[in-house]
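Working notes, structure below.
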Amino acid sequence: MNPLQIEYFIAVANYKNFTLAASEMHVSQPAVSKQIMALEEELGVSLFSRTGRNIALTPCGELFYNYFTQVNTEFENIKRLAREMDGKSPGEKLSIRLVFFIDWDSNLFMAPLVERLRVR
């Protein structure tokens, strides 16, 4: 099983159509069909029931669909969190360097600015 097979499976399940899923994935319909068949063979279950041009998830297909979509959601959340943490150690604080001219009235301009930054 590979991520591409899972991506194709989710697309076919969402579109309920191999051709539309293939178009959305920018690949040929036979490429999607081949990957879905390989996934079904590896899992040892049928993921879709096929009646003519109509397809639907089998009970096993629904089980795997729910699992794969949940895993994908969690994976995206973890990637987002990792990007936010990248380059920062836990508890690292933001430091700001303020530069201003001596002839500015610091009580009128800088004091409120510094206070607003301190509160955050």
### Query
Full extension from R50 to K79: what is 0.36 nm times the residue separation minus their Cα-Cα distance, to one decimal in nm?
6.9 nm
### Summary
If every Lys and Arg gets +1 and every Asp and Glu gets -1 at its Cβ, then about the Cα centre region 31-85 yields a dipole, in debye to the nearest 20, of 240
## Note on the structure
Counting only protein heavy atoms with a 1.4 Å probe and every protein chain in place, the carbon and sulfur fraction of the accessible surface of region 19-61 in whole percent equals 54
### Query
Expressed in nm², what is the orientationally averaged projection area of the convex hull enclosing the Cα positions of region 14-57?
3.0
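The values are calculated or read from the model by the stated rules, or taken from the named source; none is laboratory data. Treat the numbers as computed from the prediction; the structure is a model and nothing was measured. Note that we place each Cβ from the backbone using ideal geometry, even for glycine, and neighbour counts take in every protein chain shown. For the accessible areas, the whole protein counts, side chains as well, though only heavy atoms, and no ligand, DNA or RNA atoms are used. Shrake-Rupley method; radii C 1.70, N 1.55, O 1.52, S 1.80 Å.
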